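Peer 1: If you scroll down you'll find the structure; I have some questions about it.
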Amino acid sequence: GAVVSQHPSWVICKSGTSVKIECRSLDFQATTMFWYRQFPKQSLMLMATSNEGSKATYEQGVEKDKFLINHASLTLSTLTVTSAHPEDSSFYICSARAQGPMNTEAFFGQGTRLTVV
Amino acid sequence: EDQVTQSPEALRLQEGESSSLNCSYTVSGLRGLFWYRQDPGKGPEFLFTLYSAGEEKEKERLKATLTKKESFLHITAPKPEDSATYLCAYAGGTSYGKLTFGQGTILTVHP
């Protein structure tokens, strides 16, 4: 299967600082990348969809000014959590879809555990 | 409203005891029904995609099937290493690749 790499695997930051998480597709070009958040013992909740070269589409209830998404190339998307607060502590996971209008399969990164103290 | 519901929430099996996990769905314009495995602290690992009713796919001890209303993940003679959370998700409408997940089934296989 296709490989999606996410970095860092975990990060601890102070309240009020910003954190950037990278998501890379290593062996395919991803026209679309997705960012999910997962709280303990809960399922994945989609935060936003990013398409290469265009603005991200955010799900209802997700603050776009707080969670900045950049998809500058076909292999890299970044999620920046700005002015992080303890309630932003969560497991963030990206996924990437390969090129092709009918391609529905998406592959996931290993996730980033964010802890805001 | 499109949705998927997984059952049971948790399943405990003895090694070698076969069973099935259920994913019921109501999705208009289903473009794919997905099964993933997730280990604690890891991202989901892709298992199967099913596109149409009647389709079946197998991988080692796992077999996924799809009807018009539900999908089953059959686990034959499970081993302790099969212990994980199994997630089903759907892609529907025109947003290809956008997956909506069920709540998952936590599978524990005891030796």
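Peer 1: Please verify whether segment B:66-74 includes one or more residues that are in contact with a helix residue (DSSP H, G or I) (Cβ under 9 Å, 6 or more places away or on another chain), over 26 Å from A:A30 (Cβ atoms) and not polar (S, T, N, Q). Walk me through how you get there before you give the answer.
Peer 2: Initially, segment B:66-74 is screened for residues in contact with a helix residue (DSSP H, G or I) (Cβ under 9 Å, 6 or more places away or on another chain), giving none.
Checked against the condition, which is being in contact with a helix residue (DSSP H, G or I) (Cβ under 9 Å, 6 or more places away or on another chain), over 26 Å from A:A30 (Cβ atoms) and not polar (S, T, N, Q), segment B:66-74 yields no hits at all.
Peer 1: Residues being surrounded by fewer than 15 Cβ atoms within 10 Å (Cβ to Cβ) and farther than 14 Å from B:C88 by Cα: count how many of those fall in segment B:13-38.
Peer 2: Qualifying residue count for the region: 7.
Peer 1: Also, quick follow-up: Just to check your reading of the model, which residue among B:A10, B:A77 is among the aliphatic types (A, V, I, L, M), exposed (fewer than 13 other Cβ atoms within 10 Å of the Cβ), within 11 Å of chain A (Cβ to nearest Cβ) and over 10 Å from the mean Cα position of the chain (by Cα)?
Peer 2: Numbers: B:A77 fails: within 11 Å of chain A (Cβ to nearest Cβ).
Of B:A10, B:A77, the one residue that is among the aliphatic types (A, V, I, L, M), exposed (fewer than 13 other Cβ atoms within 10 Å of the Cβ), within 11 Å of chain A (Cβ to nearest Cβ) and over 10 Å from the mean Cα position of the chain (by Cα) is B:A10.
Peer 1: Regarding B:T85, is this residue surrounded by 13 or more Cβ atoms within 10 Å (Cβ to Cβ), more than 19 Å from A:S95 (Cβ to Cβ) and not aliphatic (A, V, I, L, M)?
Peer 2: Numbers: surrounded by 13 or more Cβ atoms within 10 Å (Cβ to Cβ): yes; more than 19 Å from A:S95 (Cβ to Cβ): no; not aliphatic (A, V, I, L, M): yes.
Answer is no for this residue.
Peer 1: Filter segment B:95-111 down to the residues that are outside any strand (DSSP E or B) and either crowded, with 21+ Cβ neighbours inside 10 Å or more than 10 Å from chain A (Cβ to nearest Cβ) (or both), then identify the one that is modelled with the lowest pLDDT. Before you say what the answer is, go through the steps one by one.
Peer 2: Just the residues of segment B:95-111 that are outside any strand (DSSP E or B), to begin with: B:95-99, B:102-104, B:111.
Narrowing further to those that are either crowded, with 21+ Cβ neighbours inside 10 Å or more than 10 Å from chain A (Cβ to nearest Cβ) (or both): B:97-99, B:102, B:104, B:111.
On the way: B:G97: 65, B:K98: 81, B:L99: 87, B:G102: 95, B:G104: 96, B:P111: 95.
So the residue we want is B:G97.
Peer 1: Of the conditions (1) within 14 Å of chain B (Cβ to nearest Cβ); (2) surrounded by 17 or more Cβ atoms within 10 Å (Cβ to Cβ), A:N51 satisfies every one except a single condition; which number is it?
Peer 2: (2)
Peer 1: Now a separate question. What strands (runs of 3 or more DSSP E), lying completely within segment A:1-113, carry at least 2 residues that are under 20 Å from B:A89 (Cα atoms)? Even if it seems obvious, please write down each step before you answer.
Peer 2: Details: elements: A:4-7, A:10-13, A:19-25, A:30-38, A:45-51, A:67-73, A:76-81, A:90-98, A:106-108.
Correct list: A:30-38, A:45-51, A:90-98, A:106-108.
Peer 1: Here is a check on your reading of the model: is B:T5 surrounded by fewer than 21 Cβ atoms within 10 Å (Cβ to Cβ), under 14 Å from B:Y86 (Cβ atoms), in contact with a strand residue (DSSP E or B) (Cβ under 7 Å, 6 or more places away or on another chain) and hydroxyl-bearing (S, T, Y)? Walk me through it before giving the result.
Peer 2: Values: surrounded by fewer than 21 Cβ atoms within 10 Å (Cβ to Cβ): yes; under 14 Å from B:Y86 (Cβ atoms): yes; in contact with a strand residue (DSSP E or B) (Cβ under 7 Å, 6 or more places away or on another chain): yes; hydroxyl-bearing (S, T, Y): yes.
Against the criterion (surrounded by fewer than 21 Cβ atoms within 10 Å (Cβ to Cβ), under 14 Å from B:Y86 (Cβ atoms), in contact with a strand residue (DSSP E or B) (Cβ under 7 Å, 6 or more places away or on another chain) and hydroxyl-bearing (S, T, Y)), B:T5 qualifies.
Peer 1: Among the residues of segment B:25-39 satisfying the criterion of being out of contact with any Phe, Trp or Tyr (no Cβ under 8 Å at 6 or more places or on another chain) and not β-branched (V, I, T), which is farthest from the other protein chains (Cβ to nearest Cβ)? Write out each step before concluding.
Peer 2: The initial filter retains those residues of segment B:25-39 that are out of contact with any Phe, Trp or Tyr (no Cβ under 8 Å at 6 or more places or on another chain), namely B:26, B:28-29, B:39.
From what's left, not β-branched (V, I, T): B:28-29, B:39.
Numbers: B:S28: 15, B:G29: 12, B:D39: 10 Å.
Ranking the qualifying residues of segment B:25-39, first place goes to B:S28.
Peer 1: Looking for something more than 30 Å from B:E9 (Cα to Cα), crowded, with 19+ Cβ neighbours inside 10 Å, in contact with a Leu (Cβ under 9 Å, 6 or more places away or on another chain) and more than 12 Å from every other protein chain (Cβ to nearest Cβ) - is there at least one such residue anywhere in segment A:54-62?
Peer 2: Yes - at least one qualifying residue is present in segment A:54-62.
Peer 1: For segment B:1-77, which strands (runs of 3 or more DSSP E) that fit wholly inside it have 2 or more residues that are touching a residue at least 60 places away in the same chain (Cβ under 8 Å)? Let's see the steps before the verdict.
Peer 2: Numbers: elements: B:3-7, B:10-14, B:19-26, B:30-38, B:45-50, B:56-59, B:62-66, B:70-75.
Correct list: B:3-7, B:10-14, B:19-26, B:30-38.
Peer 1: Can you tell me which residue is nearest to B:S28 (Cα to Cα) among those in segment B:41-73 that are exposed (fewer than 14 other Cβ atoms within 10 Å of the Cβ) and within 10 Å of another protein chain (Cβ to nearest Cβ)?
Peer 2: B:Y51
Peer 1: Which members of segment B:34-64 meet the condition of being touching a strand residue (DSSP E or B) at 6+ places or on another chain (Cβ under 7 Å) and acidic (D, E)?
Peer 2: Listed by number, the residues that qualify are B:D39, B:E45, B:E55, B:E56.
Peer 1: Let me ask you something else. Of the residues A:F108, A:F91, which single one is at pLDDT below 95, of a type in the set (F, W, Y) and either closer than 27 Å to B:T105 by Cα or exposed (fewer than 14 other Cβ atoms within 10 Å of the Cβ) (or both)? Break it down into steps so the answer makes sense when it comes.
Peer 2: Values: A:F91 fails: at pLDDT below 95.
Going through A:F108, A:F91 in turn, just one is at pLDDT below 95, of a type in the set (F, W, Y) and either closer than 27 Å to B:T105 by Cα or exposed (fewer than 14 other Cβ atoms within 10 Å of the Cβ) (or both): A:F108.
The values are calculated or read from the model by the stated rules, or taken from the named source; none is laboratory data. Keep in mind that what you see is a predicted model, and the values were worked out from it rather than measured. Methodologically, a virtual Cβ is constructed for each residue, glycine included, from the backbone with ideal geometry; neighbour enumeration extends over all protein chains shown.
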